[in-house]
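All remarks here apply to the structure that follows.
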Amino acid sequence: MVVLGVESTAHTASVGITDDRAQVLGLASDMYRPPSGGIHPREAANHHVEVLPGLVEKALAAASVRPNELDAVAFAQGPGLGPCLRAGATVARMLSLAWRRPLVPVNHCVAHVEIARALSGLDDPLLLYASGGNTQVIAYGRGRYRVLGETLDIGIGNFLDKLWIGLGGTFPGGPALEAEARLGTELLPLPYSVHGMDVAFSGMLTATLALRAKGVARPDLAYSVETTAYAMLTEITERAIAHRRKSSVALGGGVACNERLRGMVRTMAEGRGATMFAPPRSLCVDNGAMIAWAGGLAHARGRSVPVERSAVEPRQRTDRVLTPWREPPGPGTAR
Ligand code: ATP
Ligand code: FE2
């Protein structure tokens, strides 16, 4: 099964093509970078409309695939920013009609999870999905992915981005903070907000900006924020592993690019005798290949929609989407 996937939920417009072994045959992406401040949904959508046709051509050329060799066209239906989602969906509908290929809607979060699972080769890992808008600990159970814990306010990535902009930087904040944190030495106390398997970041955002206003050095703030925020994520991941008796954990989402987070989760997992996997960075961040791959899984189970029933769903939740391609865990497998 060869599928073309269109991703456009937020900053990144991307087109990917995958085969039935999750090999990425072609991938072309272009990220909208606001000159200052946060994202403006309509400006990002305009960017996506401009770049997507070229990205489709690039991905097809990289994959050496012709449209009539595709089995389906998949697109990210949600969650995401309405105008951005509509830009990608419009392109996918047009390609589906022009090429007479089935149109397959995909949940963006499930796509992050599925590409991590496919690349890891792990059958039933716990998943830590840490991106801009989302922070969730996820496990499969009875027909769909269940959210065991999540952020109670903003996503970890949005927190890092807002913080970095507040410290005088530009979007995206995560990678820049990672570099800055390497220069830090002092661990400052910051609000550590874990509630069962949920987390919250807005208290840490306020506290860190207040420390900056008092003149605390930026590298020490970055170091302390990374240490505290990633310890929170590691703690809820460990709690979920323990409760679900999992023997593996996979990471996904843009923040899973972070070396510190990878290292902390790996140390925790290995301490419990579990394995840890993180995809290559190009497939942690938003990308069309994960949409293509998840679309292929759904399409293999007969999923496709007519254009008139392909509306985007900006608030679509991970645990609302059925995942019939996942067999229930076999007898003896911890749930
Ligand atoms: P979603 O819709 O899944 O929430 P998204 O639109 O936020 O996704 P992603 O590409 O999954 O997009 O994640 C982008 C986020 O990842 C940004 O907040 C960015 O700062 C963060 N990020 C990227 N690289 C790193 C890094 N090395 N360390 C920490 N954060 C990072
Ligand atoms: Fe994402």
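Tabulated data
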| read-out | value |
| --- | --- |
| One residue from Leu55, Leu97 being among the aliphatic types (A, V, I, L, M) and open to solvent by 40 Å² or more (accessible area, probe 1.4 Å) | Leu97 |
| Residues that are more than 15 Å from Leu85 (Cβ to Cβ), within 15 Å of ligand 1 (Cβ to nearest atom) and open to solvent by 30 Å² or more (accessible area, probe 1.4 Å), drawn from the range 104-135 | none |
| Extreme residue, surrounded by the fewest Cβ atoms within 10 Å (Cβ to Cβ), among residues of the range 247-266 that are touching a Lys or Arg at 6+ places or on another chain (Cβ under 8 Å) and farther than 14 Å from Thr234 by Cβ | Cys257 |
| Residue tally, condition closer than 19 Å to Gly252 by Cα, away from ligand 1 (no atom under 13 Å from the Cβ) and open to solvent by less than 30 Å² (accessible area, probe 1.4 Å), over the range 150-199 | 1 |
| Unique residue being under 19 Å from Gly149 (Cα atoms), surrounded by fewer than 16 Cβ atoms within 10 Å (Cβ to Cβ), modelled with pLDDT of 95 or more and not assigned by TED's automatic domain parsing to the domain that holds Ala76 when the list is Ala269, Ala242 | Ala242 |
| Test: residue in the range 45-60 that is within 30 Å of Leu167 (Cβ to Cβ) and either modelled with pLDDT under 95 or part of a loop (DSSP other than H, G, I, E, B) (or both) | no |
| Residues located in the range 1-23, provided they are more than 16 Å from ligand 2 (Cβ to nearest atom) and not in a strand (DSSP E or B) | Met1, Val2, Asp19, Asp20, Arg21, Ala22, Gln23 |
| When residues of the range 162-209 are limited to those that are within 23 Å of the chain's Cα centre (by Cα) and aromatic (Phe, Trp, Tyr), the one nearest to Ile138 (Cα to Cα) | Phe201 |
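Results for (1) closer than 24 Å to Ala116 by Cα; (2) surrounded by fewer than 19 Cβ atoms within 10 Å (Cβ to Cβ); (3) of a type in the set (Ser, Thr, Tyr); (4) away from ligand 1 (no atom under 16 Å from the Cβ), shown as yes or no for each residue.
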residue: Asp30; (1), (2), (3), (4): yes, yes, no, no
residue: Glu50; (1), (2), (3), (4): no, yes, no, yes
residue: Leu81; (1), (2), (3), (4): yes, no, no, no
residue: Ala92; (1), (2), (3), (4): yes, no, no, yes
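The values are calculated or read from the model by the stated rules, or taken from the named source; none is laboratory data. Please read these numbers as outputs of a predicted model, since none were measured by experiment. Neighbour counts are summed over all protein chains in view; Cβ atoms, including those assigned to glycine, are modelled from backbone coordinates with ideal geometry. In case anyone asks, the SASA skips ligands and DNA or RNA and just uses the protein heavy atoms, side chains included. Shrake-Rupley method; radii C 1.70, N 1.55, O 1.52, S 1.80 Å.
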